[in-house]
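One structure is given here, and the rest of the page talks about it.
Nothing in this text is a laboratory measurement; each read-out follows from the coordinates by a stated rule. This structure is a prediction, so every number in the text was calculated from the model and none was measured. Note that we place each Cβ from the backbone using ideal geometry, even for glycine, and neighbour counts take in every protein chain shown.
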Amino acid sequence: MLTIGDSTALENLTEIDDLTVRFGGVVAVKSLNLTVKDGEIHALIGPNGAGKTTVFNAIFQLVPYTGGIQFAGRELRGLPRHRLAGIGVTRTFQNLSIFPSMTVRENILVGLHSKSRSRFISELLGLAREPRQQLAETLDFFGLTALAPAYAAVLPYGTLKTVELARAFISHPRLVLLDEPAAGIPTSEKGALKAVIRKMRDAGTTVLLVEHDMELVMDISDSVTVMDFGEKIAEGTPAEVSADKRVVDAYLGEETHATS
Ligand SMILES: Nc1ncnc2c1ncn2[C@@H]1O[C@H](COP(=O)(O)OP(=O)(O)OP(=O)(O)O)[C@@H](O)[C@H]1O
Ligand SMILES: [Mg+2]
């Protein structure tokens with residue numbers, strides 16, 4: 001297990017080099033350099049429209065980009081997105097991506113689907129032991145065991161966000177990208193969310209976290225990168241970035257932000 005806290009000693013798991021993403025005339029991400037170290041919780045923050053989700057979409061090969069994105073020493077460019085889980089990269093979505101007509105169990109098993117179609121099918125047929133075990137462990141990890149047979153449609157939003165985390169984690173990725181896990185979550189559930197994100201990190205999954213909840217970000221992150229208008233404006237420890245004048249200005253300039 002790597003030592004958390006001494007983040008300078010950690011190996012670079014993900015290296016984003018000179019990333020630029022354009023949508024017509026809009027430069028959503030501009031010459032971004034970003035390093036995520038193995039074993040850390042790394043927050044990517046910034047006002048609405050700063051380009052955070054677009055960075056995730058570039059990693060997932062969902063948008064055209066220039067520059068390089070390396071994961072564990074491998075260039076991701078051109079990799080079909082369904083192969084990302086197989087090499088150890090998963091994500092959640094800013095807008096919840098849950099199938100309402102499926103159960104909690106089935107929604108989580110989708111996280112194994114992309115890893116191996118045949119394993120997914122055999123699980124559905126009730127044949128494979130290993131996925132069943134992985135599912136049981138994952139349900140337990142996220143406190144969802146009792147809800148496994150429940151249909152997603154009847155569950156509260158906060159629970160569905162946890163189901164989405166469980167889906168992203170069931171394959172035990174080396175890197176998980178979380179896009180606003182706290183959005184729409186009641187304050188009373190945020191402590192549990194922090195604990196589960198830390199638990200994912202402690203279980204060996206590096207976390208790249210996009211989040212507007214600054215209390216959560218500053219509490220659980222090992223390092224923070226701040227974007228504004230597509231560009232990196234600051235990076236460092238939570239204490240360093242929260243004392244940075246450009247960061248304060250960027251946030252003060254933001255009148256409101258949607259919790260979408
Ligand atoms: N598919 C797209 N087509 C056109 N423009 C897009 C697309 N995706 C994002 N953009 C634009 O790129 C910019 C960055 O958007 P992005 O969604 O990455 O911001 P964000 O930092 O995730 O913001 P938020 O905190 O509101 O989620 C915005 O101006 C947005 O309108
Ligand atoms: Mg976003």
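Annotations
- The chain: antiparallel DSSP beta bridges as a percent of all, rounded to 5: 55
- Rounded to the nearest 10 degrees, the angle from helix 129-141 to the longest Cα principal axis of the chain is 50 degrees.
- Each of the peptides 173-182, 64-73 was scored by the mean count of other Cβ atoms within 10 Å over its residues; in descending order, highest first, they stand as 173-182, 64-73.
- Relative frequency of Cα-Cα separations exceeding 22 Å in segment 160-238, percent: 23
- Separation of the Ala72 and Lys30 label points, Cα + 7 Å toward Cβ, nm: 3.5
- Once divided by 2.2 N^0.38 Å, the Cα radius of gyration of the chain becomes 0.99.
- Here is how the number arises for the chain: DSSP H runs of 4 or more residues each give -39500 (n - 2.57), the sum is divided by the residue count, and the result at 222 nm is -9500 deg cm²/dmol.
- Sorted ascending by nearby beta carbons within 10 Å, beginning with the fewest, Leu34, Leu62 become Leu62, Leu34.
- Projecting label points 7 angstrom from Cα along Cα→Cβ for Val248 and Met218 puts them 1.2 nm apart.
- Convex hull volume of segment 8-95 per residue (C-alpha atoms, cubic angstrom): 111
- Placing dummy labels 7 Å off each Cα toward the beta-carbon, the span from His82 to Tyr157 is 3.2 nm.
- Mean separation of Cα pairs under 8 Å and 6 or more residues apart, divided by the residue count, gives the chain a relative contact order of 26 percent.
- If you bin all the Cα-Cα distances of segment 49-108 at 10 Å, starting from zero, the percentages per bin are 19, 45, 28, 9, 0.
- Inter-part distance where segment 15-31 and segment 132-150 are each reduced to a Cα centre, Å: 39
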